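Below is one structure, written out as structure tokens, with a few remarks after it.
The values are calculated or read from the model by the stated rules, or taken from the named source; none is laboratory data. All of these numbers come straight from a predicted model, not from anything done at the bench. Cβ atoms come from the backbone with ideal geometry, glycine included; neighbour counts cover every protein chain shown. These area figures cover heavy atoms from the full protein model, side chains too; ligands, DNA and RNA do not enter into them. Shrake-Rupley method; radii C 1.70, N 1.55, O 1.52, S 1.80 Å.
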2 protein chains.
Amino acid sequence: MRIRQLLVKTLREAPAEAELPSHRLLLRAGLVVPLAAGLYCFTPLGWRVVRSIERIIREEMNRSGALEVHLPALHPIELWEQSGRAALMGQTLFRLFDRKEREFALGPTHEEVISYLASRAIQSYRDLPVTLYQIQTKFRDEPRPRGGLIRLREFTMKDAYSFDTGWDTLDASYDAAFAAYQRIFRRAGVPVIPVAADSGAIGGKDSQEFVFLTESGEDTILLCPGCGYAANAEKAEFVPAPAVPGEPAPMERVHTPGRRTIAEVAEFLGVEPRQTLKAVFYKADGKPVFVAIRGDLEVNEVKLKNALGAREVEPMDEATVRELGLVAGSASPVGVSGIPVIADRSAVDSPNLVGGANEPDYHLRNVNHGRDWQATLVAEIALARTGDACRTCGQALETRRGIEMGHVFKLGTLYAEKMGVYYLDEHGERRPCVMGCYGIGVERLLAAIIEANHDADGIRWPWEVSPFDVHVVVIGAGEAAVDAALSELEQALQRSGLEPLIDDRDESPGIKFKDADLLGMPMRVTVSPRALERGGVEVRDRATGETRVLSPADAAAAIAAARSKAIEAGR
Amino acid sequence: MRIRQLLVKTLREAPAEAELPSHRLLLRAGLVVPLAAGLYCFTPLGWRVVRSIERIIREEMNRSGALEVHLPALHPIELWEQSGRAALMGQTLFRLFDRKEREFALGPTHEEVISYLASRAIQSYRDLPVTLYQIQTKFRDEPRPRGGLIRLREFTMKDAYSFDTGWDTLDASYDAAFAAYQRIFRRAGVPVIPVAADSGAIGGKDSQEFVFLTESGEDTILLCPGCGYAANAEKAEFVPAPAVPGEPAPMERVHTPGRRTIAEVAEFLGVEPRQTLKAVFYKADGKPVFVAIRGDLEVNEVKLKNALGAREVEPMDEATVRELGLVAGSASPVGVSGIPVIADRSAVDSPNLVGGANEPDYHLRNVNHGRDWQATLVAEIALARTGDACRTCGQALETRRGIEMGHVFKLGTLYAEKMGVYYLDEHGERRPCVMGCYGIGVERLLAAIIEANHDADGIRWPWEVSPFDVHVVVIGAGEAAVDAALSELEQALQRSGLEPLIDDRDESPGIKFKDADLLGMPMRVTVSPRALERGGVEVRDRATGETRVLSPADAAAAIAAARSKAIEAGR
């Protein structure tokens, strides 16, 4: 195809607000055109890459035995009320009314609707196990769409759902999806690691994310260099520093003028932060909650939310703090009443802590749980941080940034029970299907491919997703020798099943070479009088920069060989 | 693939409310599961057909030189206000608000957004002509979703848009799209005829629909057996019966006790209906309109709407009729004032008509336009009916029912001017692109394929869209000879590139044969002890019923040959 026919418009500079390399390159290479916040149009060039990604996903999902289906994007709101997620999704759920005032949601995901379909298609244990998937548009009214294609409000997702008779066969379905995902990311050229993830408010058992580690990611991952443990910050487990031991001593009130933070109080009283008790105030689904945690630790709000079984947790507003008479800077659970106290295990297991006296400028020494205060609920709700000890091997955890590329999740029977997905077992008994769900965002994968495969000059497409195999730069079009060589090259490429993008525009060689680097096809071939003098056309590898002069036929053969080798290696 | 793995659930009977054969068969064969009015889930079997249809469409659009793009389904409402269609679409447009109270539409079509993209991608005449297409979801809040997949509220459409420098090259782009459509419908096995269609409120020039003629269609098509003229009822032109000639005679008031209809009045006064003047009352965009048409003709409301440049035309409500003092049954434009009078040309060109006297039980003889009344606007607004004379050749038009399968449309510069799609011509002058648009509904095409290819026993898939090539019925699974023959057959089919659906369920042969007929793969192969006794497996052609016993290898070869031949013939 001729570059002019493709409507390719490259830009020297990306808009200043584009910070991520992928965002800049998507715009500079003209792959997308922004329509509104979190909404993009795909140009012919950009859509070719998306189609390749979808092809890889389909091939690997089909290979894993999954069946493709298609579900509407418009969901009767009743289905979301049945699952209990209409409220849970909050403002992220786009909602609308039809002409008869019936309410619908735009599907942000499809657990509800696939359950609806499965409840009508699955009858007996003989129908199981089965994994259904679709490649379909999702709508999420994200508060902060960002980073080009990283977080969109309308995007394409490959979502899959497995249905099993029990947890043991769910393990097999999960493993098959897991393996398919590894193959998909490998073929797409994005290195990922699986990390343990929070199961969220949905419930369920195992949950893992495939994360592409990159400084520009917005997710935090805790990694153990010793045993390889990896989890996202919301889920990561660790061993807190041990408590300073001691027998409970009598509690005493001390004057701590102007000391409000843990650091100030600990320094003033000559103790370590782990010998203090920190109070944090939250609202969980609108109700006040008092959280007690050891002073050297921070609250993991996701763990707190899960421990409470709450939909939403947010810091307590100042009005409520005043209303409840809580003394910020000097609060402790000692003597507090009328509000549930959630304690991290650390606060319960450590003796003789320094806590607030619930009056300004005073604290209490030797606060002990059980004697001086009583937690309503004890749970592990501390946030893992760099340097914390790995729960498996004890080594210090490291922190990395990353982008979540895929998610696999053992849902269990929750949806099946709520949405009525049952099967008859061998004995004719009605049982809920045990479900799993699995998702990959297509546009985000496209962005990650660019994040993982670019240099200062532009994109370096992995072969399997490259919009074209070869970028042909023609210099001196119209000269008989050049035209003949180009024609010979095109025929040779076609015989080898290679698709070229041909730049025969009336532009300077410099501009064409810059565009070739920016657009990033794996191989560039220059057809020019100079190369012909040297005996052929010039073949250049975009990734290595290696350059050779070959006859058009040999060039096509060499490119086909390089392509096969690279694709083989990626599978 | 084994039939059990595919989650196929056939039904003996379809729900009573399913009237169309395609609707019944879609449900009975388990291709779709209804979710809500106008919303369907596609099962693995159903989705395979949709994917095949999409593949054919892509191949033919690419072959025509069109480029695939992808546009969001969420449209900022401002784009629809810019084009003026936000109001025009009325309640059919699904509208919603995001969390920041910005309003969006769910795209019922994409002229606005493709114009947005094109305005950023097209710069100069060198970029033109170009045709962009997508296969993307559309949302339309239809007042009456119907007929299974015929009229949905969420559906997939291949929509294409051409951009040209002028009307002459638009003709070429239009012809290329037209030819692609003919190939698509031929390959999909749906016979269509192109018919002239109304250009609608959008304006523009030529507009044609591809119509599949079938009694169950809801569109009316006028066909001329003489010259081949074909148009839908909204657009169809014809020559009304000639007027009864005569010099204008003096108007006279006559008593017509109890006579209200044209037939009653004509009979009572001994004249033909074409010698009478009919009055019909409408509201156009809420404003009263008085329509005068000859008594033997009916009003075509689409032509009336176009003549008035109105968005909407509806019969006048009784309250307004009373308020304006109009006398239904005895109304005429004679003496009427304060309301615009729209006249069909027939009413103007015919002398000495019998019209109402605007008082009950009285009519007027010898009413003549120009002398006795004056039209505000004269236009051709009569509806063509069976037997009317073809405007081209004079033969009597015939009427048929049909389903609109595709639409091609020369839009001109209207959108380009409203949405800012300009290019710089050879002289550096800024000119609006001349646009065309082209659409095919994917699910409706699926329904039409079934309408056009079924019999009393079930579906008869054309090869190119069949979910599987062969339906293999296994009788006596577990018997060594049967298993060996099945295994041999599977290998032979695979070598021939044929995909089988294998029914080895523990069901009676009768049920399996019935399901094979219902599901409708082009070929059925029975592997059974009886067939083996006769020397092989039994191959049966679904369409002709022709049956042969062949060795597994010969069966695969025969099926492959039949497939190639059929596909070749369809292209």
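Of note:
- Answer from A:PHE155, A:PHE97, A:PHE139 - the residue that is closer than 22 Å to B:LEU106 by Cβ and surrounded by fewer than 18 Cβ atoms within 10 Å (Cβ to Cβ): A:PHE97
- Qualifying position, being crowded, with 16+ Cβ neighbours inside 10 Å, in the same structural domain as A:GLY436 (by TED's automatic domain parsing), farther than 16 Å from A:LYS158 by Cα and at pLDDT 95 or above, among A:LEU20, A:LEU31, A:LEU71, A:LEU67: A:LEU31
- Just one of (1) in contact with a Gly (Cβ under 8 Å, 6 or more places away or on another chain); (2) buried (at least 18 other Cβ atoms within 10 Å of the Cβ); (3) within 30 Å of A:TYR438 (Cα to Cα) fails for A:ALA307. It is (1).
- Residue in segment B:26-50 that is nearest to A:SER119 (Cα to Cα), counting only those that are more than 8 Å from chain A (Cβ to nearest Cβ) and among the hydrophobic types (A, V, I, L, M, F, W, C): B:VAL32
- Residue match in segment A:554-568 (condition: at pLDDT below 95, of a type in the set (A, V, I, L, M), open to solvent by 60 Å² or more (accessible area, probe 1.4 Å) and farther than 20 Å from A:GLN5 by Cβ): no
- Evaluated against (1) crowded, with 18+ Cβ neighbours inside 10 Å; (2) over 42 Å from the mean Cα position of the chain (by Cα), A:GLY355 falls short on exactly one condition, (2).
- Test for A:ALA263: is it free of Cβ contacts under 8 Å to residues at least 60 places away in the same chain, touching a helix residue (DSSP H, G or I) at 6+ places or on another chain (Cβ under 8 Å) and not in a strand (DSSP E or B): yes
- Any hit, segment A:267-278, residues being at pLDDT 95 or above, of a type in the set (A, V, I, L, M, F, W, C) and within 39 Å of the chain's Cα centre (by Cα): yes
- Any hit, segment A:210-220, residues being touching a helix residue (DSSP H, G or I) at 6+ places or on another chain (Cβ under 9 Å), farther than 30 Å from A:ALA566 by Cα and open to solvent by less than 70 Å² (accessible area, probe 1.4 Å): no
- Residue match in segment B:403-423 (condition: outside any loop (DSSP other than H, G, I, E, B), aromatic (Phe, Trp, Tyr) and touching a Gly at 6+ places or on another chain (Cβ under 7 Å)): yes
- Selection within segment A:272-281 - under 17 Å from A:VAL244 (Cβ atoms) and buried (at least 18 other Cβ atoms within 10 Å of the Cβ): A:PRO273, A:ARG274, A:GLN275, A:THR276, A:LEU277, A:LYS278
- One residue stands out in segment B:310-319 among those that are surrounded by fewer than 17 Cβ atoms within 10 Å (Cβ to Cβ) and at pLDDT 90 or above: the one that is nearest to the chain's Cα centre (by Cα), namely B:GLU314.
- Filter result for B:HIS75 (part of a strand (DSSP E or B) and either more than 10 Å from chain A (Cβ to nearest Cβ) or in contact with a helix residue (DSSP H, G or I) (Cβ under 7 Å, 6 or more places away or on another chain) (or both)): yes
- Residue in segment A:378-399 that is assigned to a loop (DSSP other than H, G, I, E, B) and touching a helix residue (DSSP H, G or I) at 6+ places or on another chain (Cβ under 6 Å) present: yes
- The residues of segment A:452-485 that are under 25 Å from the mean Cα position of the chain (by Cα) and buried (at least 24 other Cβ atoms within 10 Å of the Cβ), listed by number, are A:ILE459, A:TRP461, A:SER466, A:PRO467.
For every residue, the table says whether it meets (1) within 28 Å of A:SER22 (Cα to Cα); (2) open to solvent by 30 Å² or more (accessible area, probe 1.4 Å); (3) touching a residue at least 40 places away in the same chain (Cβ under 8 Å); (4) in the same structural domain as A:SER52 (by TED's automatic domain parsing).
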{"position": "A:PRO108", "(1), (2), (3), (4)": "yes, no, no, yes"}
{"position": "A:GLU112", "(1), (2), (3), (4)": "no, no, yes, yes"}
{"position": "A:ASP127", "(1), (2), (3), (4)": "no, no, yes, yes"}
{"position": "A:GLN134", "(1), (2), (3), (4)": "yes, no, yes, yes"}
{"position": "A:ALA160", "(1), (2), (3), (4)": "yes, no, yes, yes"}
{"position": "A:SER173", "(1), (2), (3), (4)": "no, no, yes, yes"}
{"position": "A:PHE178", "(1), (2), (3), (4)": "yes, yes, yes, yes"}
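- Checklist (1) more than 10 Å from chain A (Cβ to nearest Cβ); (2) at pLDDT 95 or above; (3) crowded, with 16+ Cβ neighbours inside 10 Å; (4) under 20 Å from B:TYR415 (Cβ atoms) applied to B:ILE53, failing item: (4)
- Boolean, B:GLU68 is among the charged types (D, E, K, R), away from chain A (no Cβ under 12 Å) and in contact (Cβ under 8 Å) with a residue 24 or more places away in the chain: no
- Residue match in segment A:438-447 (condition: open to solvent by 10 Å² or more (accessible area, probe 1.4 Å), in a strand (DSSP E or B), within 30 Å of A:SER496 (Cα to Cα) and out of contact with any Asp or Glu (no Cβ under 8 Å at 6 or more places or on another chain)): no
- Residues that are farther than 14 Å from A:HIS70 by Cβ, in contact with a Leu (Cβ under 8 Å, 6 or more places away or on another chain) and not in a loop (DSSP other than H, G, I, E, B), drawn from segment B:3-35: B:GLN5, B:LEU6, B:SER22, B:HIS23, B:LEU25, B:LEU27, B:ARG28
- Flag for A:GLN91 being more than 12 Å from chain B (Cβ to nearest Cβ) and over 23 Å from B:PRO44 (Cβ atoms): no
- Restricting A:ARG444, A:ARG548, A:ARG534, A:ARG542 to residues that are among the charged types (D, E, K, R) and assigned by TED's automatic domain parsing to the domain that holds A:ASP159 narrows the list to A:ARG444.
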